[in-house]
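Everything below concerns the one structure shown next.
The values are calculated or read from the model by the stated rules, or taken from the named source; none is laboratory data. Every value quoted in this text rests on a predicted model; they were computed, and no experiment measured them. Note: ideal-geometry Cβ built from the backbone for every residue, glycine included; neighbour counts use all protein chains shown. Heavy atoms of the whole protein, side chains included, go into the accessibility calculation; ligands, DNA and RNA do not. Shrake-Rupley method; radii C 1.70, N 1.55, O 1.52, S 1.80 Å.
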Amino acid sequence: QVQLVESGGGLVQAGGSLRLSCAASESDISIYVMRWYRQAPGKQREFVAVITSDSRTNYADSVKGRFTISRDNAKNTVDLQMNSLKPEDTAVYYCNAWRIPRNYWGQGAQVTVSS
């Protein structure tokens, strides 16, 4: 069982930046595909960004060019750098670790962007 703990959320003005971090209890998360998802009030959870075990990345169109996902396997962490934040980025952000048949979620971190 892998435990994921997100940190770094908070309140920021539009145009500002935040950096989310996901710390994993697993001794070696390098084998996992790591993703960030988000869920805004009244909406379904949606994909934000992914980084593979060999550090290939992909992003949702809504965040491309503004968000950057990265991983540090030595520290068992995955970060999401969020720049040029918009009010529509307001959501609870979740870290996810996936490798068939395992799928783990963190408890979420609130990000609120004021206009």
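Computed from backbone phi, the HN-Hα couplings of region 103-115 come to 8, 10, 10, x, 8, x, 10, 7, 10, 10, 10, 8, 8 Hz, rounded to whole numbers (Karplus: 6.51 cos²θ - 1.76 cosθ + 1.60, θ = phi - 60°; Gly and Pro given as x). Stretching the chain fully between S115 and R19 yields a gain of 32.7 nm (0.36 nm per residue, less the alpha carbon separation). Accessible-area rank, largest first, for I31, I69: I31, I69, with all protein chains present and a 1.4 angstrom probe. Taking Cα centre as origin and charging only the Cβ of basic (Lys, Arg, +1) and acidic (Asp, Glu, -1) residues, the dipole magnitude of the chain rounds to 160 debye.
Tell me, what is the FRET efficiency for N83 and E46 to the nearest 0.05, using R0 = 22 angstrom and their Cβ-Cβ distance as r?
0.70
Cross-link reach is defined here as a Cα-Cα straight distance under 20 Å, omitting same-chain residues fewer than 8 places apart; for K86 the lysines meeting it are K43, K64.
Scanning the chain for trypsin sites (Lys or Arg not before Pro) in DSSP loops with at most 14 neighbouring Cβ atoms within 10 Å leaves 1-42 as the longest stretch between them.
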